[in-house]
Amino acid sequence: MPTLLALALLAFGLLPAAAGTATTLPAKKTVAVLAFDNNTGKSDYDHLGQGMAAMMTTDLAAVDEIQLLERERLADVTKEIDAQRSRYFDSTTAVKVGRLAGAQYIVIGSLAAVDPQVRIDTRIVRVETGAIVKTAKVSGKQEDFFDLQKRLTKQLVKDLDIALTPEGEAKLDARQQANRVDDMDAMVKISNAMSLADAGDYGGATFKIAPVVAKYPNSAFVKMTSDEIKQRASRKTEQKAKQGVDKAEQKAKDEINKGVNKLIKKKWPPGT
């Protein structure tokens, strides 16, 4: 137990605090992952980058040293860029998004090739300076898509100068295993479903993701994406129902007002 003298010295800053009594954790790095561009020349993969970015965001969320900006938060920021059909795999675009979204780092990428092998290129851009901090590239067979995505995510963590502890590595491995989707075709279907949902076509989105849910019933990422589509569809249905009630109430009010106005306009007393 500290003496009165020790407490007094500590209060005046003349005695250092005991080791371990107060620790300051390093600030988390705020990171946003943008949809990867399709540079393969094949339109079938136009939406694949959206699913890849979503899965990578979900995986990186397991890293305690990173604060991820969720897809929903980026949606409003990227809406204008999507309308302009700008490429995300561009430092200027990345910096613009990063500043608007409040990110320190932006991860941008592109699907560079799919035949005969898949090749994915990525860059990490520091928003404050606009400088490209790191670049990375992975390539391999389409059937090894999960391993490619896993390697790429771990490389990004390393490129952000984050040294994972054994516990941190185990946590990231567990998250990636939980999200596992092995084949590229399934990721294309998921990505197309996400795109349809963003366009308000929840029926089409549900139809598109159904076979993936059946094939990967234990994938947390697949389940999360499917549940999100269902929730958004449910909210839209509720909004439509509420709008219908509001319209019916307004119509009833209009009819009442119309009747009252007719009565007011009638001569009174009758026959005058």
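The values are calculated or read from the model by the stated rules, or taken from the named source; none is laboratory data. Owing to the predicted nature of the structure, the values given are computational and were not obtained by experimental measurement. Positions of Cβ are backbone-derived with ideal geometry, glycine not excepted, and every protein chain shown enters the neighbour counts.
Observations, loosely collected:
- Test: residue in the stretch 234-251 that is at pLDDT 90 or above and not assigned by TED's automatic domain parsing to the domain that holds Asp59: yes
- Any hit, the stretch 202-209, residues being hydroxyl-bearing (Ser, Thr, Tyr) and without any contact (Cβ under 8 Å) to a residue 60 or more places away in the chain: yes
- A count restricted to the stretch 153-165 and to residues that are of a type in the set (A, V, I, L, M, F, W, C), within 21 Å of Ala103 (Cβ to Cβ) and loosely packed, with under 14 Cβ neighbours inside 10 Å stands at 0.
- Residue in the stretch 192-209 that is of a type in the set (Asp, Glu), more than 20 Å from the chain's Cα centre (by Cα), modelled with pLDDT of 85 or more and on the phi < 0 side of the Ramachandran plot present: no
- Once the stretch 32-56 is narrowed to residues that are among the small types (Gly, Ala, Ser) and closer than 21 Å to Lys150 by Cβ, the residue that is modelled with the lowest pLDDT is Ala35.
- Condition met for Asp144 (under 19 Å from Ala103 (Cβ atoms), among the acidic types (Asp, Glu) and more than 21 Å from the chain's Cα centre (by Cα)): no
- Selection of the stretch 203-230 for residues being surrounded by 12 or more Cβ atoms within 10 Å (Cβ to Cβ) and either in the same structural domain as Ala54 (by TED's automatic domain parsing) or within 18 Å of Arg71 (Cα to Cα) (or both) yields Ala205, Ala220, Phe221, Val222, Lys223, Met224, Thr225, Ser226, Glu228, Ile229, Lys230.
- Output for the stretch 32-52, where each listed residue is in contact with a strand residue (DSSP E or B) (Cβ under 6 Å, 6 or more places away or on another chain) and surrounded by fewer than 23 Cβ atoms within 10 Å (Cβ to Cβ): Asp37, Asn38, Asn39, Thr40, Tyr45, Asp46
- Any hit, the stretch 166-177, residues being among the charged types (D, E, K, R), surrounded by 17 or more Cβ atoms within 10 Å (Cβ to Cβ), within 24 Å of Thr40 (Cβ to Cβ) and in contact (Cβ under 8 Å) with a residue 12 or more places away in the chain: no
- Picking from residues in the stretch 93-130 that are small (Gly, Ala, Ser) and over 21 Å from Glu65 (Cα atoms), the one that is modelled with the lowest pLDDT is Ala94.
Every residue, every condition in (1) touching a residue at least 60 places away in the same chain (Cβ under 8 Å); (2) over 28 Å from Ala174 (Cα atoms); (3) surrounded by fewer than 20 Cβ atoms within 10 Å (Cβ to Cβ), yes or no:
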position	(1), (2), (3)
Ala101	yes, yes, yes
Tyr105	yes, no, no
Gln117	no, no, yes
Ala136	no, no, yes
Glu143	no, no, yes
Arg151	no, no, yes
